[in-house]
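Peer 1: Pasting a structure below so you can have a look.
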Amino acid sequence: MNICDFILPNFFIVGAAKAGTTSIYNYLKSHPDVYMSPVKEPNFFSKDIDPSKFRKDYKREPLIIKDENNIPDKHVAFIKDFNSYKALFKNAKGFKAIGEASTSYLYSEVAAVEIRKHIPDARIIILLRNPIDRAFSHFLMNLKDGLTTYNDFLKEVFHDYESVKDRSWGVAHLYLDLGLYYKQVKKYMDNFPSEQVKIILFDDIINDLQNVILELFAFLNLKTNTDITTNVYNKSEIPSPLFQKVIRILNRYGIREKFIRKLPEKLKQNILKLIPKTKGNPTIDINARRVLTDFYREDIVKLSDLIGRDLSFWLES
C-alpha cells in the first residue's frame, strides 16, 4: 500500500522551536482553506527520534491512535506508526493546504529526506529566531516547567551543552544546539527546490506580522483576502519562586508525568493562566549575550550567506 494513497500534508512548519511556530500554526489554521493536524507536532518524519531514550522528565510513550474519530488533544506527540499518522488527516479532504508543525523536523538528521521521499512536492516553512533569544525563551519555558538544573541562564545552557553526551532530541535539552541553524537549514535547501522552501525570521513576525501572513498565504497558493486573528501564543513568562519549588517537587515524585501531562491541552493552558508570575519582562544578562554571540558568530555568518539575508543585527551584543 502506497503512502501517497492517503490524505497527507502538503506543507510542513519544520521549526525552529521557540521561534513562532505555534503562532504561525494557529494563524494558518484559521484560514478557511487550511487544515492543520489536530496534534500540532506529531514528529512522524523524525525517524531518528527514539522516545525510549528520552530523559525521565521528558518521557513520553509513542502515541497510537486507536479511534480516528477520537484523537487526543495534544500539542506534542511522537507518532511512529503510519496508521496513527494518517488518522490525523482523516478530515482534511477538500482543503487546499494541509499541514502540521513538528519542530523536531529542523533538528532531525533524517526528516528532510523522509519528507522528500514520501511527499516530494511538499512546501517547507522554516522559522528562524536570533539563536540567543531562542535559547533564552527555551530556558524560560523549562524554568516554568521546573526542568532546569540551574536558575542561571548561562550556567544552565552550557551545563546541558557540555555535560550531556547524547545530543538526541528528548535526551539533552539542546538549548544551544537548536540555534545552530546553518546545517539544519541546508538539509532542506539541499533536498527541496528553492520555490518550495519559505524562510521567515522571527524579527519579520514581530515587525510586520500582516505581511508575513500574506506571504505565507501566497506561498501556499491561498486566497489572501481573509481576516486572521493574530493573538500572541506561548509568551515567555517566569513563574513565582514558590511555584518553581512546587513544580520541581511534582517532577521529583513523577506527578507531572503521571497526571498533569495527561490533562487536555485547553485545560492545561487555563491552569497555567492561574499561576502567579514574577513582575516585569525577563531579560538576558549583557554578559550572557556577549558570550553566546561569540558562540554563534560563525554559524550566523554562514547562515546569512546561505539564505541571502543580512543577519549582522543578530551579532550586536
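Here, each number is a calculation from the coordinates, and none is a lab measurement. Note that the coordinates shown come from a computational prediction; the quantities given were computed from them, not determined experimentally. For neighbour counting, all protein chains shown are included, and Cβ atoms are generated from backbone atoms with ideal geometry for every residue, glycine included.
Peer 1: 7 Å from Cα along Cα→Cβ at both S52 and R309: what's the point-to-point distance in nm?
Peer 2: Roughly 3.9 nm, to one decimal.
Peer 1: Using Cβ counts within 10 Å as a stand-in for footprinting exposure, how do T103, T226 rank, fewest first?
Peer 2: T226, T103
Peer 1: Can you give me the Rg/Rh ratio for segment 163-221, using Cα atoms for both radii and the Kirkwood formula for Rh?
Peer 2: Using only Cα positions, Rg/Rh for segment 163-221 is 1.09.
Peer 1: Going by C-beta contacts inside 10 Å, put F217, F12 in order with the fewest on the left.
Peer 2: By the 10 Å Cβ count, ascending: F217, F12.
Peer 1: Tell me, what ³J(HN,Hα) does each residue in segment 205-212 have, in order and in whole Hz, if you take phi through Karplus 6.51 cos²θ - 1.76 cosθ + 1.60 with θ = phi - 60° and put x for Gly and Pro?
Peer 2: Here the 3J(HN,Hα) series is 5, 5, 8, 8, 4, 4, 5, 4 Hz.
Peer 1: How do S108, S102 rank when sorted from fewest to most other Cβ atoms within 10 Å of their own Cβ?
Peer 2: S108, S102
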